[in-house]
Amino acid sequence: MKKILVANRGEIAIRVMRSAKEMGILTVAVFSEADRNALHVRYADEAICIGPPASSQSYLVIDKIIAAAKSSGADAIHPGYGFLSENADFSDRVVAEGLIFIGPSGDSMRKMGSKLAAKATAEELNIPLVPGTAKAIEDISEAKKVAATIGFPILIKASAGGGGKGMRIVGNAAEFEEQMKLAVSEALSSFGDGAVFIERYVASPRHIEIQVLGDTHGNVVHLFERECSVQRRHQKVIEEAPSSVLTPKIREEMGACAVRISKACNYVGAGTVEFLLDENLNFYFLEMNTRLQVEHPVTEYITGLDLVKEQIQIARGLPLPFKQEDLRIQGHAMEVRVYAEDPANNFLPDIGTLQTYKIPQGPGVRVDDAFEEGMEIPIYYDPMIAKLITYGADRAEAIERMSRAIDDYQITGVATTLAFCKFVMQHDSFKSGNFDTHFIKKYFHPDVLNSGVVSEMEIAAMLAISLLRKSQATKVVDHSHGTNNASAWKRNRLIQ
Ligand code: MV4
């Protein structure tokens, strides 16, 4: 493998290219017309325009990606996450064209792409599942009986869905039939597949996922877990590794289940097996994601591995260079996703120019981004500006470092979720590790972003300083030593 085309954009395209460069492999970027000046284009050894801004006319068009690979002489394609990364036909096509797909086969993707098929595989392997129907529901009265034995509330899920799409909670038997019909028609129109199934509704779950790596020789290891329970409308906000609640025994059991299900679908490359964990620490298999995930850096921090390099070596046909017993968790890592969204305004995406953009630095701080000061956030794609990842000897240090890094992050020109992430880091429930997937719904209200940040006394002090400054025109030194929650750079901006 001498040249990799990265079929993606933004931070993940750059992330992949960095590892390729370190391995002496050339890189090819593809870009839409909206991304002409994007950093992934500048970072690559060469770049090819693949069409108009809409991803349906550029980043999602298999023929254009293949043509770009051919014309650039790339011998491999890395799909990143999102876009074509979990498209089984794309994986097959890349291989059929004589190129290397850095990821699993189309067959593995298909086996895990259907939730019902994945659950059936898990059941055969004695992997715990949430009680429910094992097959698509065809007979509503039959399903109603199953629901009654499981007990309400139950959850209806679409087999072709994922990430929470097409889910419906049903509180009692009276609502069941109507909700069922709605779920089927929604599944049909959204996914072209009306298959739905039901599960007992786990009321206060945590979302724990296990990272796996499989090679082409049948070896599979797990790289422990990530906890992603802090989510907003199925969009992950905070991720960490390890989870603060797993015991070594449960970790080992979940890891073994993840390895078994990966082996069952002949998994090759980096993948993630998702579980729900209930209050009694019972875990249940949910689904498998057949790609490198957004939150992979927290796993890199605690294992010391470079997951993209591992993906590349696996795609080259090399056996995994370590065994399960060689792997250890070291320290604790935390990741927050910085979005151009306004937490004070129902997280509405905010577009605009990054007037100020200065990233935090220092020990244990990593920023995966694809922006520079003065750049615009394009409207066509995901509004994620960056991933901010911190590492510490333990969870408390990772959190303290994250709070500091958030304070040091300087972004003006667009609203961001940074202050919201700081709120989470400072919350007692989060700090104590006592939280579930309802954390944001339970604790977050836009008002919390303002309370305590600037007191009346501080406003009076700022006013006094600013008046003094005007009259003396000399530099004012701030001696408040962070007595409020705003970082010094923000306070000074207020003063000016
Ligand atoms: C559940 C559940 C409760 N009970 N299944 C949401 C995403 C999809 N992968 C599965 N999801 C859930 N499945 C049962 N039987 C609750 C969720 C869920 C959730 C899961 C993980 C992280 C955040 C979540 C937020 C809401 C619901």
Spans of helices (runs of 4 or more DSSP H) in the stretch 338-433 with at least 2 residues in contact (Cβ under 8 Å) with a residue 60 or more places away in the chain: 395-408, 418-426
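Answer yes if at least one residue in the stretch 255-262 is touching a Lys or Arg at 6+ places or on another chain (Cβ under 7 Å) and among the small types (Gly, Ala, Ser), and no otherwise. Don't jump to the end; show me each part of the working.
Here is the first cut: in the stretch 255-262, the residues touching a Lys or Arg at 6+ places or on another chain (Cβ under 7 Å) are none.
Among the residues of the stretch 255-262, not one is touching a Lys or Arg at 6+ places or on another chain (Cβ under 7 Å) and among the small types (Gly, Ala, Ser), which makes the answer no.
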message: Would you confirm whether or not the stretch 70-92 contains a residue that is surrounded by fewer than 16 Cβ atoms within 10 Å (Cβ to Cβ), more than 25 Å from the chain's Cα centre (by Cα) and free of Cβ contacts under 8 Å to residues at least 12 places away in the same chain?
response: no
Residue that is surrounded by the most Cβ atoms within 10 Å (Cβ to Cβ), among those in the stretch 264-297 that are more than 16 Å from the ligand (Cβ to nearest atom) and closer than 15 Å to Glu240 by Cβ: His296
message: Tally up the residues in the stretch 159-181 that are surrounded by 14 or more Cβ atoms within 10 Å (Cβ to Cβ) and away from the ligand (no atom under 14 Å from the Cβ), please.
response: 5
message: Would you confirm, using the coordinates I've provided, whether Glu225 is within 15 Å of the ligand (Cβ to nearest atom), within 19 Å of Lys431 (Cα to Cα) and among the charged types (D, E, K, R)?
response: yes
query: Filter the stretch 185-202 for residues that are aliphatic (A, V, I, L, M) and touching a residue at least 24 places away in the same chain (Cβ under 8 Å); which is farthest from the ligand (Cβ to nearest atom)?
result: Ala195
message: Give all pairs with beta carbons closer than 9 Å in which a residue from the stretch 129-158 that is closer than 21 Å to Leu188 by Cβ and within 12 Å of the ligand (Cβ to nearest atom) meets a residue that is part of a helix (DSSP H, G or I) and not hydrophobic (A, V, I, L, M, F, W, C); count only pairs at least 6 apart in sequence or on separate chains.
response: Gly132/Lys119; Thr133/Glu142; Ile156/Gln179; Lys157/Lys115; Ala158/Lys115; Ala158/Glu186; Ala158/Ser190
Every residue from the stretch 165-196 that is more than 19 Å from Glu138 (Cβ to Cβ) and outside any helix (DSSP H, G or I): Lys165, Met167, Ile169, Gly171, Asn172
- prompt: In the stretch 317-336, how many residues are of a type outside the set (Asp, Glu) and either crowded, with 22+ Cβ neighbours inside 10 Å or not assigned by TED's automatic domain parsing to the domain that holds Pro360 (or both)?
  reply: 4
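The values are calculated or read from the model by the stated rules, or taken from the named source; none is laboratory data. Note that the structure is predicted; figures quoted are calculated from it, not measured. Every residue, glycine as well, gets a Cβ built from its backbone with ideal geometry; the counts of neighbours run over all protein chains shown.
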